[in-house]
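Structure record follows, encoded as structure tokens.
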Amino acid sequence: MKQEVDVDRLIRQRIRALRLARGWSLDALAERCHLSPSNLSRIETGSRRIAVDQLVLIARALDTSIDLLIESPNDEDVVIRPHHDERRGTTIWTLAREHTPNDLTVAKMHITTPAPPLEEAGVHPGRDWFMVLSGTAELRLGDRLVLVRAGEAAGFSTMTPHGIGAHGGEPVEILAILTQDGHRAHAREG
């Protein structure tokens, strides 16, 4: 029962915080979600339970989803731990994987090995994008080896055999945006 009360309180806090972040009064939000200001006030303060139909109207008016209003507050482990793959010479920090459009993955990668030869380059459906944060990346695209320097970015079809590596024996750090297939191919665990 305590968990239910805590989630209820969290939803109320989120509604109020989103309303205030937009600079809206109770009257302004009430008008947008077709509730009376007094009813909305009682919802925010906990004097009245939130009905599902009211939650739908409030979420829509706040330009958010019910999922985001009711998602678990369990963020106890906020530390992003790297995954090391010594064979591939990579360390990967998966920065965002949940609640991203089209289930894209954002990952920071530290790479110490050169791009793979064509015979070892992979393919998968979709597109990948990356920006070089430091060093110079080697981007294997079929027979070509493209150098991408710090501050530059690349986007490419992943149906071309491809791989990313470090150029000139110096490590490279990149920030990559990967599709689901790209995440499975490049950031897989183990």
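Bear in mind that the values in this text are calculations on the coordinates, not laboratory data. Bear in mind that the values here come from a model prediction, so they are computed numbers and not experimental data. When we count neighbours, we look across all protein chains shown, and the Cβ atoms used for this are built from the backbone with ideal geometry, even at glycine.
In plain terms, if you count all Cα to Cα distances in the stretch 2-70 and split them into 5 Å steps from zero, the share in each step is 3, 18, 34, 30, 12, 3, 1 percent.
Please give me the summed charge of the neighbours of LEU69: other residues whose Cβ is under 13 Å from its Cβ, Lys and Arg +1, Asp and Glu -1.
Charge balance near LEU69 sits at +1.
Note: the stretch 33-75, Cα convex hull, 80 Å³ per residue. Working value for the stretch 83-186: equivalent-ellipsoid semi-axes of 19, 16, 13 Å, each the square root of 5 times a Cα gyration tensor eigenvalue, largest first. Measuring r between the beta carbons of ASP8 and LEU57 and using R0 = 22 Å, the FRET efficiency lands at 0.80.
With 0.36 nm allotted per residue and the present C-alpha distance subtracted, the GLU120-ASP27 stretch has 27.3 nm of extension available. State the answer as a single residue: which of SER38, LEU57, LEU68 lies farthest towards the positive end of the charge dipole of the stretch 2-70, with beta carbon charges of +1 for Lys and Arg and -1 for Asp and Glu, about the Cα centre. Projecting each Cα onto the dipole axis, the largest value belongs to SER38. Just so you know, the Rg over Rh for the chain is 1.18, from Cα atoms, with Rh as the Kirkwood radius.
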